[in-house]
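Below is one structure, written out as structure tokens; the observations come after it.
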């Protein structure tokens, strides 16, 4: 899988709230399928499908410990996605700064200039 496909798989996997919740749980430590399925109102096969998507994206890995097959979170795809997002964040931030400067310049140019209006001399009437 090339970098572009990897990034797409990462964002596709993260698009689902159940998968994000599973990943958040795994951030605190390894867990079995049963432990991961517990907080969700879905079958174990449904959870397994979510785990396969996360595993294909490289966001989780599995290993066997005695009789249990445990899943753990993997950081590399998230680091790559964060780096990709950061590049665009910096670019957008620079665009916003230029826009702010332009708006400030336009604001200064549009400020009304105070002009003094000459007063007419008042003629005092004699009583």
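Derivation of every value follows stated rules applied to the coordinates shown; laboratory data play no part. The shown structure was predicted, so the numbers you read here are calculated from the model rather than taken from an experiment. Neighbour counts are summed over all protein chains in view; Cβ atoms, including those assigned to glycine, are modelled from backbone coordinates with ideal geometry.
Computed over the range 3-74, the P(r) curve from all C-alpha pair distances, binned at 10 Å from the origin, holds 21, 56, 20, 2 percent per bin.
Counting other Cβ atoms within 10 Å as a rough exposure proxy, the listed residues 10, 18, 82 run 82, 18, 10 from fewest neighbours to most. Between residue 2 and residue 64, what FRET efficiency comes out of the Förster formula 1/(1 + (r/R0)^6) with R0 = 30 Å and r the beta carbon distance, rounded to 0.05? Between residue 64 and residue 2 the formula returns 0.50. You can think of it this way: the chain between residue 105 and residue 30 has 21.5 nm of extra reach, that is 0.36 nm per residue less the Cα-Cα gap.
Volume per residue for the chain equals 206 cubic angstrom (convex hull of Cα atoms).
Averaging the Cα positions of each part gives two centres, and for the range 86-115 and the range 1-62 these lie 42 Å apart. For the chain, the relative contact order works out to 23 percent when only alpha carbon pairs closer than 8 Å and six or more residues apart are counted.
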